[in-house]
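The values are calculated or read from the model by the stated rules, or taken from the named source; none is laboratory data. Because the structure is predicted, anything quoted here is derived from the model rather than measured. Virtual Cβ from ideal backbone geometry, glycine too; neighbours counted across all protein chains shown.
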């Protein structure tokens with residue numbers, strides 16, 4: 001396991017390096033002068049020169065790159081142009097809300113998907129199975145930027161049960177979490193069905209039934225438990241989709257997280273903050289994938305000996 | 001069955017995009033401010049938006065944008081992906097290492113985050129959306145084709161072609177790519193669904209198609225301000241996106257089951 005751990009960690013280094021390089025080069029893709037673009041057409045040449053200096057854009061490219069990488073390693077992502085504060089502080093202040101939303105969405109997804117997938121597998125090729133899988137496909141096809149407003153129309157505008165936007169109470173979390181969790185629930189339900197079906201074909205399930213175990217007990221105690229490995233992996237791998245989903249969900253429900261900060265910083269052409277948010281989300285994604293791979297290797301010894 | 005449903009939905013969408021002006025006589029940009037936010041009626045079957053524009057006409061015009069973006073992204077991504085994937089898989093060695101590392105890095109970016117980043121710095125426009133989605137789109141095809149190429153290059157008929165003096169380009173085009181084509185077609189069909197959602201997402205965030213050009217994403221974004229007084233502004237474009245994406249997903253899933261019967265359970 002230690003060899004697998006070291007190999008997997010070593011493989012992550014070039015990926016992280018590549019991610020940082022790509023994020024660094026973003027500001028250099030800005031057409032024209034990034035400093036001019038941030039300040040707008042009305043800015044004086046002196047203001048543009050001052051901003052270019054403060055962003056370090058007047059230095060040679062390699063020096064800028066080395067300084068950027070050094071800053072990333074030290075946790076210094078520069079200063080926000082809009083707020084005048086360190087980028088890491090702005091991200092840190094909103095991190096809790098994004099994590100809260102992502103975890104709530106994953107909880108919603110698991111609560112819906114696992115029973116749906118198991119029922120679809122047990123009643124394979126019946127109306128129940130077709131209905132469950134069609135619902136899952138509809139869930140994947142339904143974009144969250146539509147589902148969110150629809151839920152808001154129904155539960156906030158028509159029924160008045162839940163607040164339409166903002167934070168404060170647990171009720172504020174419900175609509176964003178359901179909106180964000182729906183697509184994941186759909187993917188997980190399909191995966192759970194496939195995985196449970198696989199296990200139901202195994203001889204040990206037949207043996208359990210032959211020993212007198214009821215069908216539901218054989219499914220829950222045996223087939224489902226063994227089908228959890230790929231499900232855990234998908235949950236981990238889908239964390240990236242959830243992270244990206246927070247960008248839109250937070251925008252719809254005015255949820256003050258990192259995703260909304262990214263969109264706001266794009267509107268204000270606050271490029272250091274844009275870079276910071278993108279780097280933060282990407283690095284989190286890489287690490288979650290790493291942890292998922294390690295967990296998979298730990299759960300299934302065949303993986304780490306491959 | 002899934003293929004048929006998907007095909008019907010996609011064909012209807014293509015017909016709607018092509019014959020939009022015949023179906024709705026209104027100009028998608030034409031405003032009737034006195035009738036703004038009017039609900040569906042006989043003269044305007046899907047109602048009017050916040051500027052009094054016919055929602056049906058805008059929906060049909062938006063279908064053209066969605067399908068066009070999907071087609072452009074899938075064409076560029078699959079061409080680049082197939083080319084680089086087959087080169088990496090067939091030649092192996094250092095060239096494979098370089099391409100695979102680039103694929104690894106691009107795959108390390110979640111979903112459309114890189115597209116958001118690129119459009120954020122390049123500026124919002126339809127061309128930049130296609131470019132950004134293609135930059136992230138080709139990696140999936142490359143990985144798929146690379147795997148197929150690795151398998152195919154060892155097969156007897158490829159060895160035979162090589163022994164007969166066929167060059168690498170001929171082997172890749174005549175033997176490696178055709179073997180990967182069924183899987184690529186499935187990926188491209190599902191990729192259309194992904195590209196349509198991604199374009200709508202970017203436009204919804206204000207990073208894609210810019211007003212007054214109608215796009216389903218911008219229509220949804222505009223509808224958000226009228227959830228209370230005119231929910232049809234939100235419901236209509238959302239249904240269109242969901243149904244079209246569902247159509248491509250049905251088609252892709254059905255084709256995948258045909259290509260790989262093991263998956264059809």
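Elements of the type helices (runs of 4 or more DSSP H) sitting completely within segment A:200-274 and holding at least 3 residues that are within 28 Å of residue A:298 (Cα to Cα) and in contact with a strand residue (DSSP E or B) (Cβ under 9 Å, 6 or more places away or on another chain): there are none. Scanning segment B:201-222 for residues that are at the interface with chain A (Cβ under 7 Å from one of its Cβ atoms) and more than 20 Å from residue A:269 (Cβ to Cβ) yields B:201, B:220. Looking across B:247, B:223, one residue alone is modelled with pLDDT of 90 or more and either crowded, with 21+ Cβ neighbours inside 10 Å or not in a helix (DSSP H, G or I) (or both). It is B:247. In this structure, residue B:69 does satisfy being part of a helix (DSSP H, G or I), touching a helix residue (DSSP H, G or I) at 6+ places or on another chain (Cβ under 9 Å), crowded, with 22+ Cβ neighbours inside 10 Å and in contact (Cβ under 8 Å) with a residue 24 or more places away in the chain. The single residue among B:46, B:56 that is modelled with pLDDT of 90 or more, more than 14 Å from chain A (Cβ to nearest Cβ) and more than 24 Å from the chain's Cα centre (by Cα) turns out to be B:46.
For segment B:205-219, a residue qualifies if it is modelled with pLDDT under 90 and under 20 Å from residue A:154 (Cβ atoms), but none of them does. Taken over segment A:126-147, the criterion of being in a loop (DSSP other than H, G, I, E, B) and more than 9 Å from chain B (Cβ to nearest Cβ) is satisfied by A:126 alone. Scanning segment A:148-169 for residues being within 24 Å of residue A:238 (Cβ to Cβ) and more than 8 Å from chain B (Cβ to nearest Cβ) gives a total of 2. Is it the case that residue B:234 is facing chain A (nearest Cβ under 9 Å), closer than 17 Å to residue B:53 by Cβ, crowded, with 16+ Cβ neighbours inside 10 Å and under 23 Å from the mean Cα position of the chain (by Cα)? It is true that residue B:234 is facing chain A (nearest Cβ under 9 Å), closer than 17 Å to residue B:53 by Cβ, crowded, with 16+ Cβ neighbours inside 10 Å and under 23 Å from the mean Cα position of the chain (by Cα).
Taking segment B:206-217 only, how many residues are more than 16 Å from residue B:67 (Cβ to Cβ) and either without any contact (Cβ under 8 Å) to a residue 60 or more places away in the chain or buried (at least 24 other Cβ atoms within 10 Å of the Cβ) (or both)? Here the count works out to 2.
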